[in-house]
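Okay, so here's the structure we're looking at.
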Amino acid sequence: MNQATASSSPAARTADKDNVVVRIRHLQKSFGDTHVLRDVNLDLHETENLVILGRSGTGKSVLIKCMVGLIIPDAGSIQILNYDVLNLSNEEMNKLRLHIGFSFQGSALYDSMSVRENLEFPLKRNLGIYKSKELNERVMNALEDVGLEDAADKMPAELSGGMKKRIGIARTLILNPKIMLYDEPTAGLDPITSIEINELIVKVRDKYKTSSIIITHDISSARHTADRVIALVGGYSKYEGTFDEIRKTTDPELEPFFNY
Ligand SMILES: Nc1ncnc2c1ncn2[C@@H]1O[C@H](COP(=O)(O)OP(=O)(O)O)[C@@H](O)[C@H]1O
Ligand SMILES: [Mg+2]
């Protein structure tokens, strides 16, 4: 196993290549005449941060939704933690979802609940934990991990965009997921808050030993968080490599990302 410390540069780390936790092959999805995903292939290895880089509208969110069963693809296969995602009963899908933390593009907090109640919700619903001492311990640990211990009794409306994002991440971490899926984690955040979220994503990998897919068009976020990058261009997954390898691309769809 590799040493995974917050200080290690992502490019210097290599994940456990034998342990594939997500395997996608020949994934296709169209909406009417719009062919969004044409042939998407990827492997996510244990404890790595894999960035999927692509312009707006290239099907990044569609891809991530296919992984958690929110969109049914037209063809291809998705293997997650040895589950064959496209052939699961509802019951099996619910079991698998317990291992997947999904950080949505919005923060998806319940506005009428305090931060504490937002975090207690998955503990009660998914783990059946109701004892207030245990709830409190888990909530405070999760808040500490995202640097927001003081926010427990605030309402979402009182939080900044970056804080909401952190709470959203805390709410998924509280279930100890094996896999994290981040959809545009820095979208709509200022550059400094973005850096904090990028650092949190690296910290989550190191502390929780999660394997993560980070979907983004934010090149700076890709550079900070990626152990490996795959580009999504015209419905195809392309150019797998480290950030420094990918940045040498001459693909006209991708090159402007690096030379803006
Ligand atoms: N449920 C849907 N029905 C029809 N079209 C959709 C649906 N979801 C996404 N699309 C289309 O798929 C394309 C890719 O969308 P999306 O995955 O959201 O892009 P992004 O890479 O910005 O996340 C867009 O053209 C979008 O309009
Ligand atoms: Mg999207």
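Would you please list the contacts, defined by Cβ atoms under 6 Å and residues six or more apart or on different chains, that run from a residue in segment 90-117 that is farther than 21 Å from Ser132 by Cα to a residue that is part of a strand (DSSP E or B) and not small (Gly, Ala, Ser)?
Close Cβ pairs (under 6 Å, with a partner that is part of a strand (DSSP E or B) and not small (Gly, Ala, Ser)) amount to Leu96/Tyr83; Ile100/Ile179; Gly101/Met180; Phe102/Leu181; Ser103/Tyr182; Phe104/Asp183; Gln105/Asp183.
Among the residues of segment 213-223, is there at least one that is among the hydrophobic types (A, V, I, L, M, F, W, C), touching a His at 6+ places or on another chain (Cβ under 8 Å) and crowded, with 18+ Cβ neighbours inside 10 Å? Let's see the steps before the verdict.
As a first pass, look at segment 213-223 and keep what is among the hydrophobic types (A, V, I, L, M, F, W, C): 213-215, 219, 222.
Going one step further and asking which of them are touching a His at 6+ places or on another chain (Cβ under 8 Å), we end up with none.
No; the residues of segment 213-223 include none that is among the hydrophobic types (A, V, I, L, M, F, W, C), touching a His at 6+ places or on another chain (Cβ under 8 Å) and crowded, with 18+ Cβ neighbours inside 10 Å.
Go through segment 76-89 and give me each residue that's in a helix (DSSP H, G or I) and either touching a residue at least 12 places away in the same chain (Cβ under 8 Å) or surrounded by 15 or more Cβ atoms within 10 Å (Cβ to Cβ) (or both). Reasoning before the result, please.
Applying the first criterion (in a helix (DSSP H, G or I)) to segment 76-89 yields 85-87.
Matches in segment 76-89: Val85, Leu86.
Would you tally the residues in segment 30-69 being near ligand 1 (Cβ under 8 Å from one of its atoms) and part of a strand (DSSP E or B)?
So the count comes out to 3.
If Gly188 meets every condition in (1) within 16 Å of ligand 2 (Cβ to nearest atom); (2) within 16 Å of the chain's Cα centre (by Cα); (3) within 18 Å of Gly161 (Cβ to Cβ) apart from one, which number is that one?
Against the list (1) within 16 Å of ligand 2 (Cβ to nearest atom); (2) within 16 Å of the chain's Cα centre (by Cα); (3) within 18 Å of Gly161 (Cβ to Cβ), Gly188 comes up short only on (2).
Checking Asp183 against (1) surrounded by fewer than 17 Cβ atoms within 10 Å (Cβ to Cβ); (2) in contact (Cβ under 8 Å) with a residue 60 or more places away in the chain; (3) within 16 Å of ligand 1 (Cβ to nearest atom), which test does it fail?
The single condition Asp183 does not satisfy is (1).
Only one of Ile80, Ile72 is under 19 Å from Ser212 (Cα atoms) and at pLDDT 95 or above. Can you tell me which?
On the way: Ile72 fails: under 19 Å from Ser212 (Cα atoms).
Result: Ile80 is the single residue among Ile80, Ile72 that is under 19 Å from Ser212 (Cα atoms) and at pLDDT 95 or above.
Evaluate segment 111-133: report whether one residue or more is in a loop (DSSP other than H, G, I, E, B), within 26 Å of His45 (Cβ to Cβ) and out of contact with any Phe, Trp or Tyr (no Cβ under 7 Å at 6 or more places or on another chain). Let's see the steps before the verdict.
Residues of segment 111-133 in a loop (DSSP other than H, G, I, E, B): 111-114, 128-131.
Going one step further and asking which of them are within 26 Å of His45 (Cβ to Cβ), we end up with none.
Checked segment 111-133: no residue is in a loop (DSSP other than H, G, I, E, B), within 26 Å of His45 (Cβ to Cβ) and out of contact with any Phe, Trp or Tyr (no Cβ under 7 Å at 6 or more places or on another chain).
Residues that are assigned by TED's automatic domain parsing to the domain that holds Glu117 and in contact with a strand residue (DSSP E or B) (Cβ under 6 Å, 6 or more places away or on another chain): find the helices (runs of 4 or more DSSP H) completely inside segment 152-254 holding 2 or more of those.
Values: elements: 161-173, 191-208, 219-225, 243-246.
Passing ranges, in order: 161-173.
In segment 37-51, how many residues are crowded, with 24+ Cβ neighbours inside 10 Å and under 20 Å from Gly234 (Cβ atoms)?
Looking only at that region, the number is 3.
Could you figure out which of (1) within 14 Å of the chain's Cα centre (by Cα); (2) without any contact (Cβ under 8 Å) to a residue 12 or more places away in the chain isn't true of Ala226?
All conditions are met except number (2).
Filter segment 34-85 for residues that are in contact with a Gly (Cβ under 8 Å, 6 or more places away or on another chain) and away from ligand 2 (no atom under 16 Å from the Cβ); which is farthest from Arg228 (Cα to Cα)?
Quick first cut of segment 34-85, residues in contact with a Gly (Cβ under 8 Å, 6 or more places away or on another chain) only: 35-40, 58-60, 85.
Subset that is away from ligand 2 (no atom under 16 Å from the Cβ): 35, 38-39, 85.
Working: His35: 26, Arg38: 22, Asp39: 19, Val85: 23 Å.
Applying the filter and picking the extreme gives His35.
Do you know which of the residues in segment 217-239 that are at pLDDT 95 or above and of a type in the set (Val, Ile, Thr) is farthest from Leu143 (Cα to Cα)?
Restricting to residues being at pLDDT 95 or above and of a type in the set (Val, Ile, Thr), the top hit is Ile230.
The values are calculated or read from the model by the stated rules, or taken from the named source; none is laboratory data. As the structure is a computational prediction, the values presented were derived from the model and not from experiment. Heads up, the Cβs are rebuilt from the backbone with ideal geometry, glycines too, and the neighbour counts pull from every protein chain shown.
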